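The values are calculated or read from the model by the stated rules, or taken from the named source; none is laboratory data. This is a predicted model, so every value here is computed, not measured. Neighbour counts are summed over all protein chains in view; Cβ atoms, including those assigned to glycine, are modelled from backbone coordinates with ideal geometry. Each accessible area value is taken on the protein alone, full model and side chains, heavy atoms only, with ligands, DNA and RNA left out. Shrake-Rupley method; radii C 1.70, N 1.55, O 1.52, S 1.80 Å.
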Amino acid sequence: MRANRKLWATATVCLAVVMGVTGCGKGDDKPADPFAGLSADAIAKKALETTKGATSVHMTGSGTEDGKETSVDVTVDGKGSCKGSMATTGEGKAEMVGTGGDLYIKGDDAFWTESTGGDASAEGPDFGKLLQGRWMKSPAEAAGSEDSDNFCDLKTIFADMEKETKTTGLTRGDDADVDGTAAVVLTGKEGAESTTLYVARDSAKPYVLRVVTTGGDEPGTVTLKDYDKPVTVEAPPADQVMDMEQLMKEALKG
């Protein structure tokens, strides 16, 4: 019966734990801080450096610039494959697919009018009407030009993020949860603009999970997830695609 008495004693101690009297077993153990000894600035820099090494990412976000709100949803890898969409208030919406270095764009009338610098009421080609829901193919050399938004360039996306994300004068707050992933929260302020950086609480892969900017002229939120997952993309069917040469021929006919 000694064993039974020992079991009863253990159960009694554990009950005391539940009531907050003492500790029992592993229930009150806290995971070690993966960033112990690092300053908030050091964590931010480590996170950005790690993020730059990712092979793919799914990025969603929205923000305001010049009084217009833009939203974006894109999945992109480091091999030129991407798929997603973007929309800007008063400037239309567009879907984009990138594969093999080529970029395919399908936008509404407002998008094409804004993109071509035209005026829907002015004389000249109506590109939205000419494309009529088809995809316009932008060749690799154009998609990679300096004038391109580099929608499918993972390195450029991460480089821009690193350039625009504050990594000095930060403070570390209470940890948070970002879509089910534990995150360290870093905050900083410059003038009227405040930035909050959420970093995965992971010593091996402290990826940036979210960046929130408030105040200032360009508030917005960007969320990053699905790091290093394969990106499968297929080019649109050929009969739904119009390249630049075809488009110009159709424009000249008008």
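The table for this structure:
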{"read-out": "Amide hydrogen neighbours beyond the local backbone of residue 178, cut-off 5 Å, H modeled", "value": "183"}
{"read-out": "Euclidean distance between Cα centres, the range 89-111 to the range 194-212, Å", "value": "29 Å"}
{"read-out": "Backbone HN-Hα couplings from phi across the range 158-175 [Karplus 6.51/-1.76/1.60, Hz, Gly and Pro as x]", "value": "6, 5, 5, 5, 5, 5, 9, 9, 5, 10, 10, x, 8, 10, 9, x, 5, 5"}
{"read-out": "Table column - 3J(HN,Hα) (Hz), the range 76-91, Karplus curve with 6.51, -1.76, 1.60, x for Gly and Pro", "value": "9, 10, x, 10, x, 9, 7, 7, x, 8, 8, 8, 10, 3, x, 10"}
{"read-out": "Long-range amide H partners of residue 207 with built H, under 5 Å", "value": "200"}
{"read-out": "Residue-level accessible surface for residue 83, protein heavy atoms, 1.4 Å, Å²", "value": "90 Å²"}
{"read-out": "Contour minus Cα-Cα distance for residue 52 and residue 203 (0.36 nm per residue)", "value": "52.8 nm"}
{"read-out": "Cα-Cα over 30 Å, subset of 83/189; 93/249; 129/163", "value": "83/189; 129/163"}
{"read-out": "Cα pair distances in the range 172-252, grouped into 10 Å bins until the bin that holds the longest one, percent each", "value": "15, 29, 18, 15, 17, 5, 0"}
{"read-out": "Electrostatic dipole magnitude of the range 44-94 [Cβ: Lys, Arg +1; Asp, Glu -1; Cα centre; debye, to 20]", "value": "300 debye"}
